[in-house]
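Asker: To start, I am sharing the structure in question, which I have written as structure tokens.
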Amino acid sequence: MESYIIEGGRKLDGEVNISGSKNAALPIIAATLLNPEKSEIENCPNIHDVFIMLNILEILGCKVHKENSKITIDTSQINDYEIPENLMREMRSSVILVGALLGRKHKCIFTYPGGCEIGARPINMHLEGFKQLGVEIVEEYGRITCSCEKLKGADITLDFPSVGATENIMLASSVAEGTTYIRNVAREPEIKDLQDFLNGMGANIIGAGSNTIIVKGVSQFHETSHKVIPDRIEAGTYLCMAVATHGNIVLKNINSEHISTTIHKLRQTGAKIEVHKNELSICAPKLISPINIKTLPYPGFPTDMQSQFTALLSIANGTSIVVENIFENRFKYVNELIRMGANIVVEGRTAIIQGVDTLKGAMVEIKDLRGGAALVLAGLMADGESKISGIHYLERGYENIVEKLQLLGAKIEKK
Ligand code: EPZ
């Protein structure tokens with residue numbers, strides 16, 4: 001299995017281009033199933049999860065053309081509504097195809113989704129929302145069959161502002177008879193990007209970014225073209241890597257409004273950050289100040305930045321506390337940081353991080369996407385060489401990470 005070999009202790013310096021958002025691109029690719037006309041998507045990241053999603057569309061009979069970050073999808077010949085189990089298991093966002101297939105075919109057969117093991121990650125809110133839209137759900141031997149004569153608008157309230165449940169219900173309700181109210185929704189920027197994509201093909205949706213989304217069902221869609229928003233988590237990850245290596249970098253092609261809490265927390269560590277229109281520069285402090293973090297639904301501090309900050313704070317000048325409120329098992333990477341000399345105690349959803357002078361290079365293993373980003377960050381700042389295995393997790397969500405880091409002066413190789 002391939003690994004990353006990193007020679008740590010080098011400052012990151014220079015510019016990095018941020019790619020399109022993984023968590024915006026995936027639901028938008030799923031949404032194209034609703035559109036019998038052509039959909040064009042630009043700024044789509046070249047990452048494993050996107051390739052899996054496109055592969056599922058091709059298996060369902062769609063034609064997919066990919067040219068770098070531009071994808072053209074023709075679903076006119078779609079001839080199936082069953083999602084292959086092996087591909088369902090590859091990633092969490094495969095479940096978003098269900099809402100789109102219900103809208104297009106009024107039927108979908110699938111199994112529970114896979115994805116990073118950061119918690120149980122049930123889909124009860126997705127299924128509850130479909131039921132309220134008139135969908136019949138039969139589950140046997142792990143296979144779930146959703147079907148309906150037609151989709152009917154409903155007034156749906158989510159128990160928790162789930163990103164995936166919000167997206168799935170938006171997709172299914174976009175062609176329902178009547179109006180659907182979705183309350184207590186997720187407010188992440190990726191929800192607004194999905195709304196913009198859907199409205200661009202003829203849907204009638206308002207409210208993304210607020211806590212209630214209103215969907216007026218429509219009966220047909222038309223050709224559309226859409227540019228995916230920048231990846232706010234990739235952006236935050238490189239910012240943390242710059243601070244950890246006492247470097248100075250410039251991020252290009254970002255939306256700084258989407259990373260305001262990340263900017264705020266990095267400023268608390270002492271980093272100097274200058275925000276320009278769609279770029280940002282950061283200068284690391286000599287000493288990293290300890291801080292406290294609580295992950296929350298957007299616009300609170302993002303759970304997807306928790307691992308990277310915990311790794312960064314392992315060399316802060318004091319004790320930091322990180323509380324993970326979104327997923328129940330998102331500290332698995334901490335044991336690997338401890339192998340590198342970090343002093344971290346995890347009690348349930350809380351990590352207590354006593355800063356040490358530096359970490360030491362070691363052989364470590366990635367077990368989930370953002371935990372992997374934390375281990376690469378640790379390898380970049382550690383004394384000596386690190387060998388990081390399990391890199392397939394990382395390459396699910398970070399486009400060209402080795403090349404981007406090499407351009408910033410890091411000594412990293414894939415072997
Ligand atoms: C999306 O996952 C993102 N993935 C995650 O990013 C992100 O961490 C998460 O939202 C929260 O922001 C994609 O967009 C592809 P949720 P999702 O539904 O939709 C519970 C990354 O690293 N829940 O908002 O799966 C769930 O278990 C990934 O890029 C239910 O209980 O997240 C979790 O504890 C990781 N029942 C909480 O809600 C449900 O029906 C938030 O989950 C649905 C969710």
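Asker: List the number of the failed condition for residue 200; all other conditions in (1) in contact with a His (Cβ under 6 Å, 6 or more places away or on another chain); (2) open to solvent by less than 20 Å² (accessible area, probe 1.4 Å) hold.
Answerer: Tallying (1) in contact with a His (Cβ under 6 Å, 6 or more places away or on another chain); (2) open to solvent by less than 20 Å² (accessible area, probe 1.4 Å), residue 200 fails exactly one: (2).
Asker: Scan the range 203-216 for residues that are surrounded by fewer than 21 Cβ atoms within 10 Å (Cβ to Cβ), of a type in the set (Gly, Ala, Ser) and within 15 Å of the ligand (Cβ to nearest atom) and jot them down.
Answerer: 209, the sole residue that qualifies.
Asker: Could you look through the range 20-41, keep only residues that are open to solvent by 10 Å² or more (accessible area, probe 1.4 Å) and within 16 Å of the ligand (Cβ to nearest atom), and pick out the one that is farthest from residue 409 (Cα to Cα)?
Answerer: Restricting to residues being open to solvent by 10 Å² or more (accessible area, probe 1.4 Å) and within 16 Å of the ligand (Cβ to nearest atom), the top hit is 23.
Asker: May I ask you to list pairs of residues, at least six apart or on different chains, whose Cβ atoms are under 6 Å apart, with the first in the range 387-411 being in the same structural domain as residue 53 (by TED's automatic domain parsing) and the second being open to solvent by less than 10 Å² (accessible area, probe 1.4 Å)?
Answerer: That search, which allows pairs on different chains as well, returns nothing.
Asker: Still on this structure: Do you know which residues across the range 113-154 are more than 11 Å from the ligand (Cβ to nearest atom), under 27 Å from the mean Cα position of the chain (by Cα), open to solvent by 80 Å² or more (accessible area, probe 1.4 Å) and in contact (Cβ under 8 Å) with a residue 12 or more places away in the chain?
Answerer: Within the range 113-154, just 143 meets the criteria.
Asker: Kindly indicate which of 71, 96 is under 21 Å from the mean Cα position of the chain (by Cα), within 16 Å of the ligand (Cβ to nearest atom), under 18 Å from residue 24 (Cα atoms) and in the same structural domain as residue 178 (by TED's automatic domain parsing).
Answerer: Only one candidate qualifies: 96.
Asker: Then there's this: In this structure, does residue 76 turn out to be more than 16 Å from the ligand (Cβ to nearest atom), among the polar types (S, T, N, Q) and within 20 Å of the chain's Cα centre (by Cα)?
Answerer: Here the answer is no, as residue 76 does not meet what is asked.
Asker: Turning to a different aspect of this structure: Looking at 317, 329, 335 in this structure, which one is out of contact with any strand residue (DSSP E or B) (no Cβ under 6 Å at 6 or more places or on another chain) and within 16 Å of residue 388 (Cβ to Cβ)?
Answerer: 335
Asker: Go through the range 217-238 residue by residue and tally those that are away from the ligand (no atom under 16 Å from the Cβ) and under 27 Å from residue 161 (Cα atoms).
Answerer: 4
Asker: Of everything in the range 42-51, what is open to solvent by less than 10 Å² (accessible area, probe 1.4 Å) and not acidic (Asp, Glu)? Give them in sequence order.
Answerer: If the condition is that a residue be open to solvent by less than 10 Å² (accessible area, probe 1.4 Å) and not acidic (Asp, Glu), then 44, 45, 47, 50 are the ones that fit.
Asker: Here is a follow-up. Being open to solvent by 20 Å² or more (accessible area, probe 1.4 Å), in contact with a Lys or Arg (Cβ under 8 Å, 6 or more places away or on another chain) and either of a type outside the set (Ser, Thr, Tyr) or within 19 Å of residue 148 (Cα to Cα) (or both) is the filter here, so list the residues in the range 53-77 that pass it.
Answerer: 74, 77
Asker: Among the residues in the range 98-110, are any farther than 29 Å from residue 19 by Cα, open to solvent by 50 Å² or more (accessible area, probe 1.4 Å) and without any contact (Cβ under 8 Å) to a residue 24 or more places away in the chain?
Answerer: no
Asker: Suppose we filter the range 155-191 for residues that are within 11 Å of the ligand (Cβ to nearest atom) and not in a helix (DSSP H, G or I); how many remain?
Answerer: Going through the range 155-191 one residue at a time, the tally reaches 9.
The values are calculated or read from the model by the stated rules, or taken from the named source; none is laboratory data. These numbers come from a predicted model, not from an experiment. Positions of Cβ are generated from backbone atoms using ideal geometry, with glycine treated the same way; all protein chains shown enter the neighbour counts. For the accessible areas, the whole protein counts, side chains as well, though only heavy atoms, and no ligand, DNA or RNA atoms are used. Shrake-Rupley method; radii C 1.70, N 1.55, O 1.52, S 1.80 Å.
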